[in-house]
1. Can we say residue 173 is buried (at least 22 other Cβ atoms within 10 Å of the Cβ), part of a strand (DSSP E or B), in contact (Cβ under 8 Å) with a residue 24 or more places away in the chain and touching a helix residue (DSSP H, G or I) at 6+ places or on another chain (Cβ under 6 Å)?
2. May I ask you to verify whether residue 2 is closer than 19 Å to residue 181 by Cβ and either outside any helix (DSSP H, G or I) or modelled with pLDDT under 95 (or both)?
3. Go through the residues of segment 89-103 one by one and say whether even a single one is out of contact with any helix residue (DSSP H, G or I) (no Cβ under 8 Å at 6 or more places or on another chain), crowded, with 19+ Cβ neighbours inside 10 Å and touching a residue at least 40 places away in the same chain (Cβ under 8 Å).
4. Against the condition under 21 Å from residue 69 (Cα atoms) and crowded, with 21+ Cβ neighbours inside 10 Å, how does residue 114 come out, does it pass?
5. Restricting to segment 100-145, name every residue that is part of a helix (DSSP H, G or I) and either at pLDDT below 95 or within 17 Å of residue 84 (Cα to Cα) (or both).
6. Would you pick out the residues in segment 154-170 that are in contact with a helix residue (DSSP H, G or I) (Cβ under 7 Å, 6 or more places away or on another chain) and in a helix (DSSP H, G or I)?
7. Checking the conditions here, which among 5, 68 is buried (at least 17 other Cβ atoms within 10 Å of the Cβ) and in contact (Cβ under 8 Å) with a residue 24 or more places away in the chain?
8. Take the residues in segment 63-97 that are touching a strand residue (DSSP E or B) at 6+ places or on another chain (Cβ under 7 Å) and assigned to a loop (DSSP other than H, G, I, E, B); name whichever of them is nearest to residue 51 (Cα to Cα).
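The values are calculated or read from the model by the stated rules, or taken from the named source; none is laboratory data. Note that this is a predicted model, so its numbers are computed, not measured. Positions of Cβ are generated from backbone atoms using ideal geometry, with glycine treated the same way; all protein chains shown enter the neighbour counts.
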């Protein structure tokens, strides 16, 4: 079975966000990254508690995003950080540390700073990065070959192109829009 990661964006969600998370968590995804960077720390803290509970009940890995102090307050072992935050944060207390990168040099730096895995993107054209040229599969292959930690691909990944990123050596496919807008997340998992 392929590793499929849901990256959240509640603004894309057509339904109640927490109900959508329940559907996604029960679909067979490997992980859910709660990426709601526009919230205040207090708002994120409240939402994170609920999402962690949903993920725990479904036996799905929950990875919190950006808010290091919130993750510490919740005593949560898994965090995903933008590189500029990873550069400044002490992360050795966390079991899992993900990092977003956009170049091979950034990937190497993230690995050196203690990242457990990286998300490399954006690979394909996506509405989230309109008018920005995707980095493509050759970039993904280059990053996979350039680091010793798992590389997760992100950006424009869907059921039609997911296998291409696995062929490049990516360990997981990160998907946002597909999961946030579907009424049937199981169909996404079943199609990959």
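1. yes
2. So residue 2 does not fit the description; no.
3. Yes.
4. no
5. Within segment 100-145, 104, 105, 106, 107, 108, 109, 110, 111, 112, 127, 128, 129 qualify.
6. The answer is 164, 165.
7. Checking each option against the conditions leaves just 5.
8. The selected residue is 76.
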